[in-house]
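Here is the structure we will look at, set down as structure tokens.
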Amino acid sequence: MTIVVTGVGAVTALGRTAPESFDGIVRGERGFRELTLFDPGEARSKIVAEVRSVSAPADPRLSRTSELALIAAREALAQAGIDPKTRRVGLVLGGTTAGMFETESLLATLLSTTETSQQRDAALSRMLNHPLSAPTDRLVKELGPFARARSISSACSSGANAIAVAGTWLELGFVDAVLCGAADSLCRVILSGFSALGALDPEGARPFDARRRGLTLGEGAGMLVLERAGEHARARAICTLLGWASRSEAHHITNPEATGEAPHAAMLAALERAGLGPGDIDYVNAHGTGTPLNDPMETRALARLFGDDLKRVRVSSQKGMIGHTLAAAGAIEAVITALAIERGVVPPTGGLEQPDAECAALRHVTRSESRPIGAAISSSFGFGGMDAALVLGSRDRAAPARGKKRSVVVTGISAVTPAGIFTGTDVADLPERADGGTAVTFPEGALDPERARRLDRSSRIGALACREALASWAPSSGAKPTGVVLGSAFGAVDATAEFMRRLRDKGVRMVRPADFPSLVPSSPAGYVSIYLGLQGPALVVADLAASGECALAQAAELIAAGDVEHMCAGAVEERSAIVEQVLSLVFGGVSAGSARGEGGAALALATADSGAPALARLGDVMSFAEAAAADALASLPPPPEGAIVLLGSASAAALVARSRWSACSTILAPAICGGHEAAGSIAIAVAAAKVARGDAPAALFVGTARGWGYAGTVWRAGRERTT
Amino acid sequence: MPTSALTSEIKALLVSELNLSGKDPEAIADDAPLFGEGGLGLDSLDALQIAMLVEERFGVRVPEGDEARPIFRSVSTLAEFIEQSKTS
């Protein structure tokens, strides 16, 4: 099946539309100006690539990030001529900052006790902007309904991974078209964090240049519409999306691994998916941040990929023109690459005058060149070493036929709860062992103190859960690398508040550089991949109370589509005084009978044909709009005698009541692990463990959150049953 | 030579602020290398964190780049730098 790009949209410092931005880039313009959005204080650089054409949303409850995403999304949908109201359209949005710009100044306020309760309540209600899923919610509201929606983060490769996830949705036949991309707005946390890391070039970024000293932060959004290449779509195609892949460096939270092994592996795997070789590639849109460490590392990765052919392939980065737009970068650069292919114009690297000796092996483009591009790679690398590559081709190209959808088995189970850490089929005992506690205790020596010293609380829960899930069986060292998907609804809210308090009280120079990486929503997946040495795709997904179910759906999809053979999938949530206040304000108190707790759980998953010893078999994991829940649950097979139901949240009971599983015995996860957003992952772990131990022949798990639902089944291993 | 009070303060600061929870501050030798093998095994992210802490705690700005290298060699070089900067 071939996928075509039928619409693109972009907002950058150089323009409010994709063609406007592309034209500016081709002319060699650099969109660097002094920051006006907020006071940069003593930041190492006051130069940014700000989108001055977009002012603050009139409604204070809306975020700048969602505004940027919406503008680019409307452009892409209009060009594709697609209305989500009339077709089955999916939405995948990547991000890192989400509503941070709007909420960061409130966070420090929330820590103080001098405000009146009205001031605090007003601040707390605006915190609903904060989660990674908030911009997705806004796009659904303004442009939807969508058949399914997902919010993901892999730091600065989020945009590329959003496009990859969208590709798998088309391959798996979930939807007819996908609106996908990413958006990020500038904010104080990001500027001061990158400043503290010494990563900003005070003069403005110059990728690959000998004088480069760092990156320049930007903001913006890139969105694409992808469709299967039918006759109608082919006629409107801008280009094709032929391949994608992501790999993790499993090396360091901020420093790239110097040899470029993971980017090389990602590019190679993306080419393999595209059915192409390095010799077919005419252009590489590089990550090219302009930091001292990134550009030589990327040069080494490209030298490995292209070998003697390196001087033939044109390479450029636009981060010296539109800045590093973080999550949005991968999506904006895919849009630029798409237009470069469509128009036959190779865009230049802005700011590059004197290539650095370590980057001199590349064929740099300092002025745009008119020449046909048959196929191109767009690379994006993120904090924590999350590296992704996309392969785009001219509109007439065809991707190779893919094998059938793979089925998924469970090879390991774990749960990290206030009642203790449970592994394998022992997780089935959790309902009886719950003790009403709300905080997780880390046993002495549970994690290596030296290697775990930077891990924040959520990442520690994640590292423990994933390690225990992988403890019973792990793929051999020769197997394709294992990936990790973690659900995390809110990220490190309290740590962000503490970071902002230091910024407010002591200034930019006094924020803590080592704490900054934990504030990026993808950090639990990044830290887990580093701690456990997992080199496959690493992602965080967020869907409020259904973040655990969402993570399992995401991991199962990546396996089903053949992107990866082994995955660790779970969710983590840490206790947060601020989140508790927000939720009690919004919902009028924490739901009865369950104190808000913390914890997480994980499943180790494998393709059924990998030969991995299966504890249980996973049926389809469905993701649906709550309005379509009845249809989704009606498609479930009937429950066998003795089957059970696990609910991630109390509200999921209403969905089960209308299904054939309504008479089954039911366990409510928050009642056994405390109420928190990772409860769905614990519901899934208990479901898998009870089936694996033979307590039940099958289990259904259901979770819901703000208009979206997830459901899936677990069956005894070996029993053939299609769901 | 820097005072032992200062080196002890730096060691305690390193252990608490860099989360070296397994380490006894007093067991860190004054001249043990902070970075790389055979010492504390710290990295460039720790160096940034230490520079910030030194500025916050002692009111002394640590230079960047190559100039910082000799200062960050060990606890005693760091202590010497702080003492010199305070008296100069």
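The values are calculated or read from the model by the stated rules, or taken from the named source; none is laboratory data. Not measured: the values here are computed from a predicted model. In this analysis, Cβ positions are derived from the backbone assuming ideal geometry, glycine residues included, and neighbour counts consider all displayed protein chains.
Structure notes:
- Looking only at residues of the range A:479-511 that are under 14 Å from the mean Cα position of the chain (by Cα) and β-branched (Val, Ile, Thr), we find that the one that is farthest from the other protein chains (Cβ to nearest Cβ) is A:485.
- For the range A:234-260, residues that are more than 14 Å from every other protein chain (Cβ to nearest Cβ), charged (D, E, K, R) and in a loop (DSSP other than H, G, I, E, B) total 2.
- Scan of the range A:663-693 for residues that are part of a loop (DSSP other than H, G, I, E, B) and either at pLDDT below 95 or touching a strand residue (DSSP E or B) at 6+ places or on another chain (Cβ under 8 Å) (or both), ordered by number: A:664, A:674, A:676, A:677, A:678
- Scanning the range A:345-390 for residues that are acidic (Asp, Glu) and in a loop (DSSP other than H, G, I, E, B), we see that the one that is nearest to residue A:528 (Cα to Cα) is A:356.
- Residue match in the range A:235-242 (condition: of a type in the set (Ser, Thr, Tyr) and in contact with a helix residue (DSSP H, G or I) (Cβ under 8 Å, 6 or more places away or on another chain)): no
- Meets criteria (buried (at least 24 other Cβ atoms within 10 Å of the Cβ) and farther than 21 Å from residue A:26 by Cβ) for residue A:333: no
- Comparison of A:153, A:246 shows that the only residue that is out of contact with any Phe, Trp or Tyr (no Cβ under 7 Å at 6 or more places or on another chain) and under 29 Å from residue A:32 (Cα atoms) is A:153.
- A Cβ distance below 9 Å, combined with a sequence gap of six or more or placement on separate chains, defines the contacts here; from the range A:307-318, residues that are closer than 14 Å to residue A:278 by Cβ reach residues that are assigned to a helix (DSSP H, G or I) and of a type in the set (D, E, K, R) in the pairs A:315/A:298.
- Only a single criterion out of (1) charged (D, E, K, R); (2) touching a residue at least 24 places away in the same chain (Cβ under 8 Å); (3) farther than 22 Å from residue B:44 by Cβ is not satisfied by residue A:509, namely (3).
- Hey, residue A:494 in contact with a Ser or Thr (Cβ under 6 Å, 6 or more places away or on another chain) and either basic (Lys, Arg) or surrounded by fewer than 21 Cβ atoms within 10 Å (Cβ to Cβ) (or both) or not: yes
- Test: residue in the range A:268-286 that is closer than 24 Å to residue A:483 by Cβ and of a type in the set (Ser, Thr, Tyr): no
Each row is one residue, and each column tells you yes or no for (1) in contact with a helix residue (DSSP H, G or I) (Cβ under 6 Å, 6 or more places away or on another chain); (2) among the acidic types (Asp, Glu); (3) in a helix (DSSP H, G or I).
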residue	(1), (2), (3)
A:82	no, no, no
A:92	yes, no, no
A:98	yes, no, no
A:101	yes, no, yes
A:104	yes, yes, yes
A:107	yes, no, yes
A:118	no, no, yes
A:122	no, no, yes
A:125	no, no, yes
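- Tallying residues that are within 19 Å of residue A:60 (Cβ to Cβ) and buried (at least 24 other Cβ atoms within 10 Å of the Cβ) within the range A:110-132 yields 4.
- Residue list for the range A:206-226, restricted to those being assigned to a loop (DSSP other than H, G, I, E, B) and on the phi > 0 side of the Ramachandran plot: A:208, A:214
- Where helices (runs of 4 or more DSSP H) sit wholly within chain B, those with at least 3 residues that are surrounded by fewer than 20 Cβ atoms within 10 Å (Cβ to Cβ), more than 14 Å from every other protein chain (Cβ to nearest Cβ) and hydroxyl-bearing (Ser, Thr, Tyr) occupy B:75-87.
- Here is the figure for the range A:258-268: residues that are surrounded by fewer than 22 Cβ atoms within 10 Å (Cβ to Cβ) and under 22 Å from the mean Cα position of the chain (by Cα) total 3.
- Of the criteria (1) in contact (Cβ under 8 Å) with a residue 40 or more places away in the chain; (2) in a loop (DSSP other than H, G, I, E, B), which one residue A:77 fails: (2)
Let's see how each residue does on (1) within 21 Å of residue A:156 (Cα to Cα); (2) within 14 Å of chain B (Cβ to nearest Cβ); (3) modelled with pLDDT of 95 or more; (4) assigned to a strand (DSSP E or B):
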{"position": "A:513", "(1), (2), (3), (4)": "yes, yes, yes, no"}
{"position": "A:524", "(1), (2), (3), (4)": "yes, no, yes, no"}
{"position": "A:539", "(1), (2), (3), (4)": "yes, no, yes, yes"}
{"position": "A:553", "(1), (2), (3), (4)": "no, no, yes, no"}
{"position": "A:558", "(1), (2), (3), (4)": "yes, no, yes, no"}
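- Taking (1) surrounded by fewer than 23 Cβ atoms within 10 Å (Cβ to Cβ); (2) more than 16 Å from residue A:376 (Cα to Cα); (3) under 21 Å from the mean Cα position of the chain (by Cα); (4) not basic (Lys, Arg) in turn, residue A:249 satisfies each apart from (1).
- Check on residue A:702, closer than 23 Å to residue A:146 by Cα, in a strand (DSSP E or B), modelled with pLDDT of 95 or more and not hydroxyl-bearing (Ser, Thr, Tyr): yes
- Within the range A:422-466, considering residues that are among the acidic types (Asp, Glu) and within 14 Å of chain B (Cβ to nearest Cβ), the one surrounded by the most Cβ atoms within 10 Å (Cβ to Cβ): A:456
- Unique match (being under 27 Å from residue A:629 (Cα atoms), small (Gly, Ala, Ser), in a helix (DSSP H, G or I) and under 16 Å from the mean Cα position of the chain (by Cα)) among A:149, A:162: A:162
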